[in-house]
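I have placed the structure first, in the form of structure tokens, so that the comments after it can refer back to it.
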Amino acid sequence: MVLLDLQHLQADSSPRNLTEISLAVWLAYVLEAFQFQIQQREQTLEIDVPPDLPSLNTEVYRLNRLIKELVTNACKHSPTGAAIAISATATPHTIQLTVQNSGVEIPPAEQANIFNPFYRIPSDDPWKEGGTGMGLALAQRLVAHLDGSLRVESAENLTRFILELPL
């Protein structure tokens, strides 16, 4: 399905279907879908999104898919007991949304490659979660389609994906 979504984004020339949303209300609804998965993995989810953020005018379907990819990635690659935190702030021209997980780091040498299709960080542990290496590639394409940016920071046993979207 991810590969089809990537192809669809590449071929899409339809006009944008923008909707104005309150990020705090909308995000709480989207993150409800992760409660069971987080409980099963004995992880915690912290949400820090001020209710007074400016409204965001965006393509809701694509933003929804993007957030789900980032949170799924955080859950999947965090150990039992890890904390996953979602936060948002506003600048005069953007909303910055951060998805952070504890218990894992992406080595600096790998950070430049994680958004490439089919790329997976090499691991000697055969019990690690698998995947196709397409989730973050899709996230990067979705962000570009939303005229935003996505970057990763990883150090001190934390990984942080920082998404910036125009207001």
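Side notes on the structure shown:
- Qualifying residue in the stretch 16-24 (condition: assigned to a loop (DSSP other than H, G, I, E, B) and touching a Pro at 6+ places or on another chain (Cβ under 8 Å)): yes
- Search result, residues across the stretch 36-49 that are open to solvent by 40 Å² or more (accessible area, probe 1.4 Å) and of a type outside the set (A, V, I, L, M): 36, 37, 39, 40, 41, 42, 44, 46, 48
- Within the stretch 84-101, being out of contact with any Phe, Trp or Tyr (no Cβ under 8 Å at 6 or more places or on another chain) and of a type outside the set (A, V, I, L, M, F, W, C) holds for 87, 89, 91, 92, 93, 94, 96, 101.
- Filter pass, residue 141 being open to solvent by 70 Å² or more (accessible area, probe 1.4 Å), modelled with pLDDT under 95, farther than 15 Å from residue 71 by Cβ and in contact with a helix residue (DSSP H, G or I) (Cβ under 6 Å, 6 or more places away or on another chain): yes
- No other residue among 28, 112, 33, 90 is at pLDDT below 85, open to solvent by 40 Å² or more (accessible area, probe 1.4 Å) and of a type outside the set (S, T, N, Q) apart from 112.
- Within the stretch 66-87, being open to solvent by less than 40 Å² (accessible area, probe 1.4 Å) and either within 13 Å of residue 159 (Cα to Cα) or free of Cβ contacts under 8 Å to residues at least 24 places away in the same chain (or both) holds for 70, 71, 73, 74, 75, 78, 82, 83, 84, 85, 86.
- For the stretch 49-103, the strands (runs of 3 or more DSSP E) that sit wholly inside it and include 3 or more residues that are within 13 Å of residue 148 (Cβ to Cβ) are 56-58, 94-102.
- Some residue of the stretch 72-81 being among the hydroxyl-bearing types (Ser, Thr, Tyr) and modelled with pLDDT under 90: yes
The values are calculated or read from the model by the stated rules, or taken from the named source; none is laboratory data. Remember, it's a predicted structure, so these values are computed and weren't measured experimentally. Don't worry about glycine lacking a Cβ; one is built from the backbone with ideal geometry, like all the others, and counts go over all protein chains shown. Areas reflect the complete protein model, heavy atoms only, side chains present, ligands, DNA and RNA absent. Shrake-Rupley method; radii C 1.70, N 1.55, O 1.52, S 1.80 Å.
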